[in-house]
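Read the figures in this text as sums done on the coordinates, not as results from a lab. All values reported here derive from a predicted model rather than from experimental measurement. Note that we place each Cβ from the backbone using ideal geometry, even for glycine, and neighbour counts take in every protein chain shown.
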Amino acid sequence: MGTIVVVVLLALVLATAVIVYAAYPYRGEATPVSPRIGEVMSRGVSSLPTIDVAHAEDDAREHAASRR
């Protein structure tokens, strides 16, 4: 029973973090209560690897052409 409560609380914390990020730092605005949280979230997201969509599409086309 305790494990379920912990997992649900972690899911709620993660969901809250995603909502706060989407509502403020993602749009370039400061978080209203603590701007420091928004800065930390932005730094964390900018340090993660991303996929360049145009580059990925080019690679997929090249791969498909080579299979023909």
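What the table shows:
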| item | result |
| --- | --- |
| Identified option (computed Rg/Rh (Cα atoms, Kirkwood Rh); candidates (i) 1.24; (ii) 1.07; (iii) 1.01) | (i) |
| Most mobile listed residue (E29, E39, E57) in the chain, GNM with C-alpha springs under 10 Å | E57 |
| Gain in span if fully extended, A60 to E29, counting 0.36 nm per residue against the direct Cα distance | 7.6 nm |
| Residue (of M41, L10, Y26) at the positive-pole extreme of the chain, dipole from beta-carbon charges | L10 |
| Residue of A22, A30, A11 that the Gaussian network model of the chain assigns the largest fluctuation, springs spanning Cα pairs under 10 Å | A11 |
